[in-house]
Amino acid sequence: MARLRPWLPALVLFLLAPGLAPCARADLGPIALDDSTVFESFKLPNGLRVVTRDVPGCRYVDVTVAYDFGQNDEPQGKEGMSALLAELEFYAATAETPERTREEMPSLRPAGWDVAVVPRVTRFSEIAPENLLPGLVHQAADRMRGIHVTPAALKRATNAVRADLDSAYRLNLGLALHHAARAWGTRGGEAAFGRAATGRGIQGIGVREIQQQASAVFVPANAVLSVAGSLGTIPLRALVQSEFGSIPAGAPVRHVGPTSLDSTVRTVPRPEASRPMGVLGLIVPSLDDTTHAAFYLQLALVGAHCSRSWGRPDSPLTSRFHYSIFDDPELARFYPPVGPAETDPELQRISYVKALQELGAKIMTPNSYIALWRGLDWLLGGPLPPEIFERVL
């Protein structure tokens, strides 16, 4: 589960894109971009892929480690296990450092930190002033070398994750709707959703199983290291080689196969809901589909139009449209307005079709598409727009 804190450079997700791509080139750069930032990527002999972005003038550095393992990789019946693994990988003791807690993090990392588990990826981020970069890199390597899980630490982590799952799948209806869209479109997903919501999936998981899973998942051959910030005076490649180069490679996680999503319609009574709300999921072409790039651009256009046309949603929803090419690339989510007495899901489809018809009646000039692309290009490797640049300086 994500614990997003005050300051996270928006460009970190961009950095992970080339590293997580199956066909990513091992070495690329340094490449100077028009925004004065410099991108570079390389790969260590043990399989660790490294991507960096030097942002001159940035006061902070972000060290993010992403692993090719997420919710889709959980064994059936053990829903929530990926979140439990992430909790312990981030907080448990290592050979060099004692166990840390969530309560300590504001003082340990006042600039920010994040733990995120999504369908395909587990991601850890820590942010600190530029002069602490060597320490951040060292601690990231220390955790990759292995954690030491005690029964007491496992109990604390299990309780914390169960509370997170209860919030994300039941109490916070906006998040619950987000997760339900995928669950309802996946074979067996509805039962898995129920196990995740109650925490049943992580009951009975012991220390030995956690240690074995962590040792198999959190390894260089299954990881991408991303470093962003003002890096011009730091011999980063040598630092990374020194800290990570001697860690045994391990092996990439063997995935059970692509998750199959299918069309479905659900009306689910929720006692926590004071009024109806809904989500419309749109199955997206796979990333290796030749049509994905064009689809992605059109999807962003439709999402922006729906957000304007439908207006701001009421709490607990936070957006009318959500699509993350990094966290959940197979599914886009739309949240049309729902009247206080509306319970027919077909009305949401009608709202979506009407929005498409409105957009289709508009004339989109080449300049409109160029402006749209500039808002997305930085996510995929292009220069940072001024408004993003201001956030990281």
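Hey, can you tell me all the residues within the stretch 291-323 that are within 20 Å of the chain's Cα centre (by Cα), buried (at least 16 other Cβ atoms within 10 Å of the Cβ) and in contact (Cβ under 8 Å) with a residue 40 or more places away in the chain?
Those that are within 20 Å of the chain's Cα centre (by Cα), buried (at least 16 other Cβ atoms within 10 Å of the Cβ) and in contact (Cβ under 8 Å) with a residue 40 or more places away in the chain: Tyr296, Ala300, Leu317, His322.
When Ala238 is evaluated against the numbered criteria (1) part of a loop (DSSP other than H, G, I, E, B); (2) out of contact with any strand residue (DSSP E or B) (no Cβ under 9 Å at 6 or more places or on another chain); (3) aliphatic (A, V, I, L, M), which criterion, by number, is the only one it fails?
(1)
Say whether the condition of being of a type outside the set (D, E, K, R), under 20 Å from the mean Cα position of the chain (by Cα) and buried (at least 23 other Cβ atoms within 10 Å of the Cβ) is met by at least one residue in the stretch 89-112.
No, the conditions are met nowhere in the stretch 89-112.
Among the residues of the stretch 36-56, write down those that are in contact (Cβ under 8 Å) with a residue 40 or more places away in the chain and polar (S, T, N, Q).
Result: Thr37, Asn46, Thr52.
Quick test of your reading of the structure: Val265 fulfils all but one of (1) surrounded by 14 or more Cβ atoms within 10 Å (Cβ to Cβ); (2) outside the structural domain of Val338 (by TED's automatic domain parsing). Name the failing condition by number.
The one condition Val265 does not meet is (1).
Being closer than 21 Å to Glu209 by Cα and either out of contact with any Leu (no Cβ under 9 Å at 6 or more places or on another chain) or basic (Lys, Arg) (or both) is the filter here; which residues of the stretch 125-149 pass it?
Across the stretch 125-149, the qualifying residues are Asp142, Arg143, Arg145, Gly146, His148.
Mind listing whichever residues of the stretch 299-322 are assigned to a loop (DSSP other than H, G, I, E, B) and in contact with a Leu (Cβ under 6 Å, 6 or more places away or on another chain)?
Within the stretch 299-322, Pro316 is the sole residue that qualifies.
So which residues in the stretch 71-87 are touching a strand residue (DSSP E or B) at 6+ places or on another chain (Cβ under 6 Å) and not polar (S, T, N, Q), if there are any at all?
Ala83, Ala86
Residue-by-condition table, conditions (1) closer than 28 Å to Asp27 by Cβ; (2) outside any strand (DSSP E or B); (3) at pLDDT below 95:
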{"site": "Gly47", "(1), (2), (3)": "yes, yes, no"}
{"site": "Cys58", "(1), (2), (3)": "yes, yes, yes"}
{"site": "Ala83", "(1), (2), (3)": "no, yes, no"}
{"site": "Ala86", "(1), (2), (3)": "no, yes, no"}
{"site": "Phe90", "(1), (2), (3)": "no, yes, no"}
{"site": "Glu96", "(1), (2), (3)": "no, yes, no"}
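The values are calculated or read from the model by the stated rules, or taken from the named source; none is laboratory data. Note that the structure is predicted; figures quoted are calculated from it, not measured. Cβ coordinates were reconstructed from backbone atoms using ideal geometry, including for glycine residues, and neighbour counts include every protein chain displayed.
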